[in-house]
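J.: Just passing along the structure, written as structure tokens.
The values are calculated or read from the model by the stated rules, or taken from the named source; none is laboratory data. Note that the coordinates shown come from a computational prediction; the quantities given were computed from them, not determined experimentally. Methodologically, a virtual Cβ is constructed for each residue, glycine included, from the backbone with ideal geometry; neighbour enumeration extends over all protein chains shown. Ligands, DNA and RNA are excluded from the accessible area calculation, which covers all protein heavy atoms including side chains. Shrake-Rupley method; radii C 1.70, N 1.55, O 1.52, S 1.80 Å.
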Amino acid sequence: MTPPFADRVKSVKQSDIRRYSAICAEMKGINLSQGVCDQAAPDVVKQAAKQAIDDDQAIYTNLRGTAGLRQAIAEKMRSFNGIECDPETEIAVNVGSAGAFACMALSTLNAGDECIVFSPFYSYHVNLLKLFGVTVKYVDLQPPDWSYSAEALAEAFTDRTRMVLINTPGNPSGKVFSEAELLAIADLANRHNAWIVTDEIYEYITYGKPHISIAKFPEARERTVTISGASKTYAVTGWRIGYAVGPAELIDRISVVNDLLYICAPAPLQHGVEAGLGLDSSYYKDMCADYLVKRDMLVETLRSIGFSPHIPDGSYYMLASFEAGRWADGSAATEAILEQVGVATVPGSAFYRNPDDGKYQLRFCYAKKMKDLEDACQRLRKLGSGATANAKS
Ligand code: GLN
């Protein structure tokens, strides 16, 4: 008999994102499941990290991250996000944006507190909150534009609400929150004295709608932590460099929690990311243009095989619906598609408060090298339209 596990991990299981990614790797399929983003990182980012290793930048950094990286983040926050922040006191570099989110949640939420989350959601946000004993209160986003009811949001706030979570551009919906939506959230957060945490890791990947950071509004500034990182912007998801920007007192706590959990983010990689932050606007413009081509290629492919894609305004994921009856549910669809054509996706149910809302949906990630995405699209086309697939079975 083994000793017992902690209560908090009793219901913890591997995410569907990772599960299908692993099965895909075993099958040597094409992974449109996990947002691995396996494209080439910019040379300047790689060179700076290599140089830092050669220069023996190998020891712990300041618990808030290197001074150079924080300076570069502060400059980017000013010029891109419209947020003035002090690199000494208002920025903490963390182990990925997930690490930043964990440190933020640990610094602000007690077990039993409530956090408002929009559904569909990024499952890691929700599962991490649950791990910490936080009660998640959901507000539904309605396709096709992923809008939400103002009444539902107002009703989600209670006297236990301590935080509201925004993810813009959103994973998996691709929703880009508008200024009016953000101001309405800020207003409610003010009235209920709740923290706002905004995960903006896909901030540079938008297709027309502007990315807006809620913390740039004076109404939100004192209660908001803005989280982002290098993973998606420089295609270095495994480097685990993220950061949190917010009021000094809270960033103090986040930095200490970060120190306790991780000590610091990987030192040489912080130097690589600092160099990335020096890239000029053409880099980000080209990245967006590339994702737009990939998005549209996937949209066209999915339509040709009988799916109805929800076209994202940002990020690099797409939810797409299939007709009920074509497969029993999203898991059956994921497994059938993997087996028939070797392309991995994620069942939509993984992203909804009510898993049935995503029962006939799959999430596709298109952050792939062009040749791999082309290969994936060719394979997907072999599925034929739903009618053909049904007739065959
Ligand atoms: N953010 C990525 C996704 O949604 C990676 C998730 C992960 O591996 N934890 O797929």
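J.: Note the angle between two axes, namely the Cα long axis of helix 16-27 and the longest principal axis of the Cα atoms of the chain, as a number of degrees from 0 to 90, rounded to the nearest 10.
T.: 60 degrees
J.: Give the lysines reachable from K369 as a straight Cα distance under 21 Å; neighbours fewer than 8 places away on the same chain don't count.
T.: The reachable lysines, counting only those whose Cα sits under 21 Å from K369, are K28, K46, K232, K285, K294, K382.
J.: Would you mind classifying region 57-103 by shape? Square roots of the alpha carbon gyration tensor eigenvalues, ordered a ≥ b ≥ c; an a/c under 1.5 is rounded, otherwise it is prolate if a/b is larger than b/c and oblate if not.
T.: Details: a/c = 2.15, a/b = 1.36, b/c = 1.58.
It is oblate, given that a/c is not under 1.5 and a/b is not larger than b/c.
J.: Where the centre of each part is set by its Cα atoms, how far does region 237-270 sit from region 35-73, in angstrom?
T.: 14 Å
J.: Starting from the eigenvalues of the Cα gyration tensor, five times each then square-rooted, give me the equivalent ellipsoid semi-axes of region 315-386, largest first, whole Å.
T.: Equivalent-ellipsoid dimensions as semi-axes: 20, 15, 9 Å.
J.: Hey, another quick one. Mind checking the dipole of the chain: about its Cα centre, +1 per Lys or Arg Cβ, -1 per Asp or Glu Cβ, Debye to the nearest 20? Display every interim value, and only then the final one.
T.: Numbers: 40 positive and 47 negative charges, 231 e Å.
Dipole about the Cα centre, nearest 20: 1100 debye.
J.: How long are the semi-axes of the ellipsoid equivalent to region 260-358, from square roots of 5 times the Cα gyration tensor eigenvalues, in whole Å, largest first?
T.: Numbers: eigenvalues 235, 84, 31 Å².
Semi-axes (√(5λ), whole Å): 34, 21, 13.
J.: Let me ask another. Not counting the cut sites, what is the longest span of the chain without chymotrypsin sites (Phe, Trp or Tyr not before Pro) that DSSP labels loop and that have at most 10 other Cβ atoms within 10 Å?
T.: Numbers: sites that count: F5, Y60.
Answer from the scan: 61-393.
J.: Which residue, G384, I59, P347, has the largest displacement toward the positive end of the dipole of the chain when charges sit on each Cβ (Lys, Arg +1; Asp, Glu -1)?
T.: Highest projection toward the positive end goes to G384.
J.: Let a ≥ b ≥ c be the square roots of the eigenvalues of the Cα gyration tensor of region 1-56; is it rounded (a/c under 1.5), or, if not, prolate (a/b larger than b/c) or oblate? Don't skip to the answer; put the middle values down first.
T.: Working: a/c = 3.43, a/b = 1.60, b/c = 2.15.
In terms of gyration-tensor shape, oblate.
J.: Follow-up question, since we're still on this one. Between beta-carbons, use under 14 Å as the cut-off and find the net charge around N354, counting Lys and Arg +1, Asp and Glu -1. Mind showing how you got there, number by number?
T.: Values: positive: K137, R353, K359; negative: D140, D329, D356, D357.
For residues surrounding N354, the net value is -1.
J.: Against the longest alpha carbon principal axis of the chain, how many degrees, from 0 to 90 and to the nearest 10, is the axis of helix 248-262 turned?
T.: Roughly 70 degrees between the two axes.
J.: Another question, if that's okay. Tell me the per residue accessible area of the chain using a 1.4 Å probe; a whole number in Å² is fine. Before the final figure, lay out the partial values.
T.: Working: 16940 Å² over 393 residues.
On a per-residue basis, the chain sits at 43 Å².
J.: Report the one residue of A98, Y234, T334 whose Cα lies farthest in the direction of the positive end of the charge dipole of the chain (charges on C-beta: Lys and Arg +1, Asp and Glu -1; origin at the Cα centre).
T.: Selected residue: T334.
J.: If I take R0 = 22 Å and measure r between the Cβ atoms of A154 and A248 in this structure, what FRET efficiency does the formula 1/(1 + (r/R0)^6) give, to the nearest 0.05? Intermediate results must be reported in sequence, preceding the final value.
T.: Details: r = 31 Å, r/R0 = 1.39.
Efficiency at R0 = 22 Å is approximately 0.10.
J.: Please list, short to long, the whole-number percent of alpha-carbon pairs of the chain in consecutive 10 angstrom bins beginning at zero.
T.: That works out to 5, 23, 32, 26, 12, 2, 0, in percent per bin.
J.: Given bins 10 angstrom wide, list per bin the percent of all Cα-Cα distances in region 102-142, short to long.
T.: Taking every Cα pair in region 102-142, the percentages come to 31, 56, 12, 0.
J.: Determine the dipole magnitude for region 235-393: charges of +1 sit on the beta-carbon of Lys and Arg, -1 on that of Asp and Glu, nothing else is charged, the reference point is the Cα centre, and the result goes in debye to the nearest 20. Mind dumping the intermediate values first?
T.: Working: 17 positive and 19 negative charges, 121 e Å.
Using Cβ point charges on Lys, Arg, Asp and Glu, region 235-393 gives about 580 debye.
J.: As a check on your grasp of the helix formula, calculate [θ] at 222 nm for the chain: sum -39500 (n - 2.57) over DSSP H runs of n ≥ 4, divide by the residue count, round to the nearest 500. Intermediate values should be presented prior to the final figure.
T.: Values: 14 runs with 160 residues, N = 393.
It lands at -12500 deg cm²/dmol.
J.: Regarding region 151-201, what's the average projected area of the Cα-atom convex hull, expressed in nm²?
T.: Numbers: hull surface 14.6 nm².
Average projection, Cα convex hull of region 151-201: 3.6 nm².
J.: Could I ask something else about it? Using +1 at the C-beta of Lys and Arg and -1 at the C-beta of Asp and Glu, which of C365, A25, I166 has the Cα lying farthest in the positive direction of the dipole of the chain?
T.: So the residue we want is A25.
J.: Leaving ligands, DNA and RNA out of it, report the carbon-plus-sulfur percent of the accessible area of region 10-167 at a 1.4 Å probe.
T.: About 50 percent, which is the carbon plus sulfur part of the accessible surface.
J.: When a/c reaches 1.5 or more, the comparison of a/b and b/c decides; with that in mind, is region 103-257 rounded, prolate or oblate per its Cα gyration tensor? List each step's numbers first, then the result.
T.: Numbers: a/c = 1.34, a/b = 1.03, b/c = 1.30.
It is rounded, given that a/c, with a ≥ b ≥ c, falls under 1.5.
J.: Region 66-138: percent of C-alpha pairs farther apart than 18 Å?
T.: Numbers: 1345 of 2628 pairs.
Within region 66-138, distances greater than 18 Å cover 51 percent of Cα pairs.
J.: Mind checking the angle between helix 43-54 and the chain's longest principal axis? C-alpha axes, 0 to 90 degrees, to the nearest 10.
T.: 50 degrees
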